[in-house]
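The next block holds one structure in the form of structure tokens; read it before the comments.
The values are calculated or read from the model by the stated rules, or taken from the named source; none is laboratory data. Remember, predicted model here, so these are calculated numbers, not experimental data. Every residue, glycine among them, receives a Cβ derived from its backbone with ideal geometry; neighbour counts consider all protein chains shown. Calculation scope for accessible area: heavy atoms of the full protein, side chains included, ligands and nucleic acids excluded. Shrake-Rupley method; radii C 1.70, N 1.55, O 1.52, S 1.80 Å.
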Amino acid sequence: MHPFDMPTEARVTEMSWPTKIVFGVGALKRLPAQVARLKMKRPLVVTDAGVVKVGLAQRVFDVLKEAGVDYAVFDRVEPNPTEKDVFAGLEAYRSAGCDGIVALGGGSPLDAAKLIQLLTTHEPPLSRYDDAKGGDQYVRDDVPPLIAIPTTAGTGSEVSRSGVATLADTGRKTVIFSPFLMPKAAICDPELTLGLPPGVTAATGMDAFTHCLEAYLSNGFHPLADSVAIDGIIRVGRSLVTAVKEGSNVSARADMMVAAMEGAMAFQKGLGACHALAHALTPISNVHHGLANAIVLPVVMEFNRPMTTARLARVAVALGEFANMREDVLAGHAIERVRKLNAAIGIPARLRDAGVQEKDLPRIAAKAFEDASHLSNPRKCTEEDLLMMAREAF
């Protein structure tokens, strides 16, 4: 039996997934109903220039206008949000007299929107709320309502309780984590992801996969999270390659959108060393978060293999392996399946191929060790272990 399959007296866990999810083709048309339900009179639409450029923002504006909803717009979130973006969004919120937020885009606008939401009622600096330092204790429930509309299938931020941004006073991607930051509604319309280019589809899809996998292997206790994590792994395994190669395949896009939500639902249980390294790789080496996860993941799986053999065997079966093999054999097949999945969707095999400089690896390991994600890794890891994994992935 896996050591975390049964709770002990010292491991009592509270579980909840309270976000209202409106899912399906055409779900965007239901946005005004959620605005009304949450009693928003003038929401701020938080998005980025890319979403505006491809016309997705206009689709949201049209739906709001048709329903007679007054709104303001902040569309200057950067691809990897910083506190500068958050404070600019906060100024837009206050100057327009808004009373709620509609976040539209990938993980960056959704995360920035959560932190704008936080600062409307909480004092800066944002680093005060750093999850790695126990900052969640300072987050209250007096924040305005937030509706999240994802245009990628990756972070699952539309149903998660975390916001991530690079902060000047921490020098790293900093996770701010509280159930009070969860969106009150998520509008999940697979049609909004049909225009995603293959590279973005691949990287965000592997982010969703890594959320599911690391949560399933993490050292927390949450059988509900384990169940949705395995289902997310199954969905990615059967649909990501199709979503990358046939971008207009609505069924594959829908499967990936569900997997992204499931990954975020599952990682309330915990993540691991892969995310710790990815959170350092983005600010130091400017590697897309999902791409960083994808490249590092097989190495981290190999590191964790002695502690996770039984669970890796179940992952292998979820990815299509037959169950009539020894667990240690299946565990190895799980790692190989991930490597083959990366190759099939065009993910580079090494960090050096993604622009990472070897001289930066010690700094990446140091920043990764500061990140709280590795604390729930199934195998305890030191800064030296993280450096070893970074070198192996390089």
By how many degrees, 0 to 90 and rounded to 10, does the Cα axis of helix 289-318 deviate from the longest principal axis of the chain?
50
For the charge dipole of the chain, defined by +1 on Lys and Arg C-beta atoms and -1 on Asp and Glu C-beta atoms about the Cα centroid, which residue among P43, N249, L104 has the Cα displaced farthest towards the positive pole?
N249
At R0 = 22 Å the Cβ-Cβ FRET efficiency linking V250 and K65, nearest 0.05, sits at 0.25
Set the Förster distance to 35 Å, then compute FRET efficiency between Q58 and R391 from the Cβ-Cβ distance, nearest 0.05.
0.15
Taking 0.36 nm per residue of separation and subtracting the Cα-Cα distance, what length does fully extending Y138 through R94 add?
13.6 nm
Rounded to the nearest 20 debye, what is the charge dipole size of segment 235-394 about its Cα centre when +1 sits on each Lys and Arg Cβ and -1 on each Asp and Glu Cβ?
280
Pairing the Cα long axis of helix 273-285 with the longest principal axis of the chain, what angle in degrees results, from 0 to 90 and rounded to the nearest 10?
60
What is the dipole size for the chain, taken about its Cα centre, with +1 at each Lys and Arg Cβ and -1 at each Asp and Glu Cβ, in debye to the nearest 20?
520
What is segment 278-394's relative contact order, in percent, from Cα pairs under 8 angstrom and six or more apart in sequence?
32
Dipole axis of segment 74-215 (+1 Lys, Arg; -1 Asp, Glu on Cβ), positive-most option in T82, V200, G171:
G171
Mean ellipticity per residue at 222 nm, deg cm²/dmol - from DSSP H runs of n ≥ 4 across the chain, formula -39500 (n - 2.57):
-16000 deg cm²/dmol
Electrostatic dipole magnitude of segment 151-229 [Cβ: Lys, Arg +1; Asp, Glu -1; Cα centre; debye, to 20]:
220
In whole percents, the bins of 20 Å from zero upward hold the Cα-Cα pairs of the chain as 30, 60, 10, 0
Solvent-accessible area per residue for the chain at a 1.4 Å probe radius, Å²?
40
Which whole-number percentage describes the relative contact order of the chain, with Cα contacts under 8 Å and a sequence gap of 6 or more?
15
In degrees, nearest ten, helix 56-66 long axis to first principal axis of the chain (Cα)
40
Checking a compactness column here: for segment 22-168, what do you get for Rg(Cα) / (2.2 N^0.38 Å), N being the number of residues?
0.99
Amide H contacts under 5 Å for G105, restricted to residues at least 5 apart in sequence or on another chain and with H modeled in the peptide plane, are I149, T151
On full extension of the chain, what length is gained from T382 through V25, given 0.36 nm per residue of separation minus the C-alpha to C-alpha distance?
124.0 nm
Under the rule a/c < 1.5 gives rounded, and otherwise a/b versus b/c splits prolate from oblate, where does segment 147-306 land using the Cα gyration tensor?
rounded
Carbon + sulfur, % of accessible area of segment 74-232 - ligands and nucleic acids excluded, 1.4 Å
53
Can you work out the FRET efficiency for the pair A36 and L224, with r the C-beta to C-beta distance and R0 = 25 Å, to the nearest 0.05?
0.20
Karplus (6.51, -1.76, 1.60) ³J(HN,Hα), θ = phi - 60°, over segment 339-346, in Hz, Gly and Pro reported as x:
4, 5, 5, 4, 5, 5, 10, x
What's the long-distance tail for segment 199-285, i.e. % of Cα pairs beyond 14 Å?
60
